[in-house]
1. Within the stretch 235-255, how many residues turn out to be outside any loop (DSSP other than H, G, I, E, B), in contact (Cβ under 8 Å) with a residue 60 or more places away in the chain and among the aliphatic types (A, V, I, L, M)?
2. If you check every pair at least six apart or on different chains, which have Cβ atoms under 8 Å apart with a residue in the stretch 327-354 that is closer than 24 Å to Ala35 by Cβ first and a residue that is part of a loop (DSSP other than H, G, I, E, B) and hydroxyl-bearing (Ser, Thr, Tyr) second?
3. Condition (residue is of a type in the set (S, T, N, Q), more than 24 Å from Gly322 (Cα to Cα) and modelled with pLDDT of 95 or more) applied to the stretch 101-121: is it met by at least one residue?
4. Evaluate the following for Ile214: is it in contact with a helix residue (DSSP H, G or I) (Cβ under 7 Å, 6 or more places away or on another chain) and surrounded by 15 or more Cβ atoms within 10 Å (Cβ to Cβ)?
5. Check every one of the helices (runs of 4 or more DSSP H) wholly within the stretch 43-155 and list those with 1 or more residues that are hydrophobic (A, V, I, L, M, F, W, C) and more than 26 Å from Leu414 (Cα to Cα).
6. Which one of the conditions (1) in contact (Cβ under 8 Å) with a residue 60 or more places away in the chain; (2) small (Gly, Ala, Ser); (3) in contact with a helix residue (DSSP H, G or I) (Cβ under 9 Å, 6 or more places away or on another chain) does Ala179 fail to meet, given that it meets all the rest?
7. Output the residues belonging to the stretch 116-136 that are buried (at least 22 other Cβ atoms within 10 Å of the Cβ) and either under 13 Å from Ile246 (Cβ atoms) or small (Gly, Ala, Ser) (or both).
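The values are calculated or read from the model by the stated rules, or taken from the named source; none is laboratory data. As the structure is a prediction and not an experimental result, all values here were calculated from the model. Using ideal geometry, Cβ is built from the backbone for each residue, glycine included, and neighbour counts are taken over all protein chains shown.
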Amino acid sequence: MAELSKRQFLKSLAGVTALSVGQWAGLDETLAQSAHIAPATLATDDDFWAKIRAAYPVTSEFIQLENGYYSLAAQPVLDSYLKHIQQINSVSSYYMRTRQFDDKRESQTQLANLLGCSTDELIITRNTTESLDTVIAGLTWKAGDEVIMAQQDYGAMLDMFKLQARRHGIVNRMISIPAHPKSDDEVVRVYENAITPKTRLLMVCHMVNITGHILPIRKITEMAHRHGVEVMVDGAHAFAQLNFKISDLGGCDYYASSLHKWLGTPLGAGILYVRKDKIKGLWPLFADSNFADDDIRKLNHTGTHPVATDLAIQDAVRFHEGIGIERKEARLRYLQRYWTDTIRHHPGIVLNTPEDPARTCAIANVGLEKIAPADLAKTLFSRYKIFTVAIDSPAANVRGIRVTPHIYTTTAELDTFINALKALAA
């Protein structure tokens, strides 16, 4: 058998990765016809979004309102991903030894462009937890160092800091984010009041995963930096849901997100951004002597891993950019307001998400006064075929279900949800 050249194999892969957004049910034409319409106007056009929905393999067995954990990859992305698996499998180690690193670098570059940072400040990980753990475990701690975090932060991150407290003797200072703040300054003051001369790091969510509350990251970062405190941002739900660049966040030191949530990649992809001047100070989790201390690639020694996912990132980015982040964010904001505005002041219903539209996007949390969160989630699914997730956290002052529609969610599905809530509240 003749040796397969790099050029031949690259050409073979290009046939897959050059997939157009609209190679699925005429989507290119739909997007082109709507190019002149403002995103806020298009957000309310159910006919347009029905055509977008057709590009997703949405189940008909239940209403999916738990997209925040893991959202569907669009069918063009999924098709391409499966082809990547087949083609890489056909040549196995040949691809791994000749192409994988260049292809991963291209995926990194495209993600860095989305985030607005240098490729030399970003690595691809498996998820947000891995990314943030890389920072937390990579810092050089000494006993007495203090870290600020919130009761509303993601549980895995809180656990990681508890581990560092056991191992290194650091002090974790917990604050609680006001659920319905009247201003950004109210939120910033809560964090600032916890800072002491021993504070080294402040962890903050870009978007609180259990309530959807968008925090004023720029103001928090600038405040923390005035006190000489580094800022690590958990952006698990913000990347590819909100229209922003890293420069909008006030020079935060570390930023992490998962790509299987709102970018729509297959499972197993995340990002870690480390500001260039902070790379040298992080110890890698896994040793790699090939890179200098100030090279972010030192943090990315993952061994043999599912490289088809790295390639599928490029397909997901292409699909995401075809839709457009402005359109996407506007639709997600509209869907959340569509149902929350209807039930916000309804008797027996409690919303755990700010009313100010600037402080939210797709995610919201709702509870019923007389039904426990777990029972509410169970009843919604068993009686109405609506899938959500229960959040019952007295420490975070959040008791309800998290509701996360996606761009393929219809207003008719949300009508079913609204009617179910009202019926259960009665």
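1. Summing the residues that are outside any loop (DSSP other than H, G, I, E, B), in contact (Cβ under 8 Å) with a residue 60 or more places away in the chain and among the aliphatic types (A, V, I, L, M) in the stretch 235-255 gives 2.
2. Arg333/Thr360; Tyr334/Thr44; Leu335/Thr409
3. Among the residues of the stretch 101-121, not one is of a type in the set (S, T, N, Q), more than 24 Å from Gly322 (Cα to Cα) and modelled with pLDDT of 95 or more, which makes the answer no.
4. yes
5. 75-91, 93-98, 100-115, 128-138
6. (3)
7. Selection gives Leu122, Ser131.
Residue by residue, here is whether (1) among the polar types (S, T, N, Q); (2) at pLDDT 95 or above; (3) in a helix (DSSP H, G or I); (4) within 17 Å of the chain's Cα centre (by Cα) holds:
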position	(1), (2), (3), (4)
Val204	no, yes, no, yes
Arg218	no, yes, yes, no
Val233	no, yes, no, yes
Ser257	yes, yes, no, yes
